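All remarks here apply to the structure that follows.
The values are calculated or read from the model by the stated rules, or taken from the named source; none is laboratory data. Model, not experiment: these values are computed from the prediction. Don't worry about glycine lacking a Cβ; one is built from the backbone with ideal geometry, like all the others, and counts go over all protein chains shown. Surface accessibility is based on the protein's heavy atoms, side chains included, excluding ligands, DNA and RNA. Shrake-Rupley method; radii C 1.70, N 1.55, O 1.52, S 1.80 Å.
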Amino acid sequence: MLRHLIRPNEDPIPNLDDALAYALGLDEEAVNQGKRIRPLLCLLVTHCLGGNLHHAMPFAAAIELMHNFCLVHDDIEDGDEFRRGRLSVWRKYGIPHAINIGDYLFTKIFAALLLGYGKMPTEKVVRFFTLMAATLDHTHRGQALDMNARSGKITIQQYMRIVKEKTGYYLAAPLIAGAIVADASQGIEEALSRYGLFIGPMFQIRDDLIDLTVGKGRDVIGSDIREGKRSFLAAYTFEHASSADQQALLQILDRPREATTDEDVQQALQIFAKCGALKEAERICLELKDNALACLKELPERLRASLEEITEYLAGREK
């Protein structure tokens, strides 16, 4: 379906049609298309609740398009040069083209949702649009909070608000969409929403930890440190480390990306370890996992078992 949505209706335009395939990992050279976790969640919920998978496909495609549109713009905003083990879109095509590529992916979100029009009840199509609009609203407000936090200190409470807005709602959205397709009860929708708002922050904190090991396919480890990102680890350090270590971390995070050395990254890692930030991140991930699993108790057995398995995978992933 993604290939169909990005197929040009006329002669292909260089630096656009080829770039859409590149951004989605659908070009011939791609070796990593990403996890596709959001469309998977939508289709899984639909299937386990006995819904029509064909009716779920428009939202599944739309949420994946939204995800990749966000990644294209996020890499520009963060200055990340690599994505999924190769050049990010802006590094390959340049910033002006990358902005347009991201914008065009955004328009395809609505083209995907419209695929359901006339093939499923209009009420469900409207609910898909409403859910997507709310998800985009939360995600972009979260992104603004994230960028605003890239100077000075940040608290754990501020960090958790950012990741709930930026990540939580758009992991919850495909779960809710699957329930909508299957005509699930309001109680099931609410349970899935609560579950998503726990696994979203868990997913992001795990990402913060992965950035310090395998680098999330971004060429080097510590990309978050180099970009000055206020991760959970930084937030914890600002609340629990010594004044000297807090000041040292601030200097590293506030240094221009191109001036941040491998030694700076190693120093930040040492500060995180010294104040217990790494252990606390692992503990919070487990706490969020337990809270997410508790939300599943109200769900039918088949869906609960499937989401429990996915939760364990997300909580322990290493890439």
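At a Förster distance of 30 Å, what's the computed FRET efficiency of L16 paired with E123, Cβ-Cβ distance as r, to 0.05?
Computed FRET efficiency for L16 and E123: 0.30.
Per Stokes-Einstein, at 37 °C and 0.692 mPa s, what whole-number D in µm² s⁻¹ belongs to segment 232-284, with the Kirkwood radius over Cα pairs as the hydrodynamic radius?
Once the numbers are plugged in, D ends up at 295 µm²/s.
Before rounding to the nearest 500, sum -39500 (n - 2.57) across all DSSP H runs of length at least 4 in the chain and divide by the residue total; then give [θ] at 222 nm in deg cm²/dmol.
Rounded to the nearest 500, the figure is -22500 deg cm²/dmol.
Translational diffusion coefficient, Stokes-Einstein: compute it for segment 260-309 using the Kirkwood radius over C-alpha pairs as Rh, at 4 °C and 1.567 mPa s, and state it as an integer in µm² s⁻¹.
97
How many nm separate the modelled label positions at R7 and E308, each set 7 Å beyond the Cα in the direction of the Cβ?
Computed distance between label sites R7 and E308 equals 4.2 nm.
So, R0 is 22 Å and r is the distance between the beta-carbons of E190 and A134; what FRET efficiency does that work out to, to 0.05?
Efficiency at R0 = 22 Å is approximately 0.90.
Over the Cα atoms of segment 206-315, what radius of gyration and what Dmax do you get, in Å?
16.9, 53
Measuring from the lowest to the highest alpha carbon on each principal axis, how far does segment 159-249 reach, largest first, in angstroms?
Projected onto the principal axes, the Cα atoms of segment 159-249 cover 55, 30, 15 Å.
Using 23 Å as the Cα-Cα cut-off, could you pick out the over-long pairs in K229/K279; K108/K166; K153/K289; K35/K108; K164/K274; K153/K279?
Distance filter (> 23 Å) returns K153/K289; K164/K274.
Could you report the accessible area of V265 in Å², rounded to 10, computed with a 1.4 Å probe on the protein chains as they sit in the structure?
Result for V265: roughly 0 Å² accessible.
What full-extension length gain, to one decimal in nm, is calculated for E282 and S151 as 0.36 nm per residue of separation minus the Cα-Cα distance?
Stretched out fully, the E282 to S151 stretch lengthens by 44.7 nm.
Can you quote the Å³ per residue value for the convex hull of the Cα atoms in segment 138-206, rounded to an integer?
Convex hull of Cα atoms, per residue: 74 Å³.
Could you bin all the Cα-Cα distances of the chain into 20 Å bins starting at 0 and give me the percent of pairs in each, rounded to whole numbers?
32, 57, 11, 0
Helix 95-114 against the longest principal axis of the chain: what's the angle in degrees, Cα atoms only, rounded to the nearest 10?
Tilt relative to the chain: about 40 degrees.
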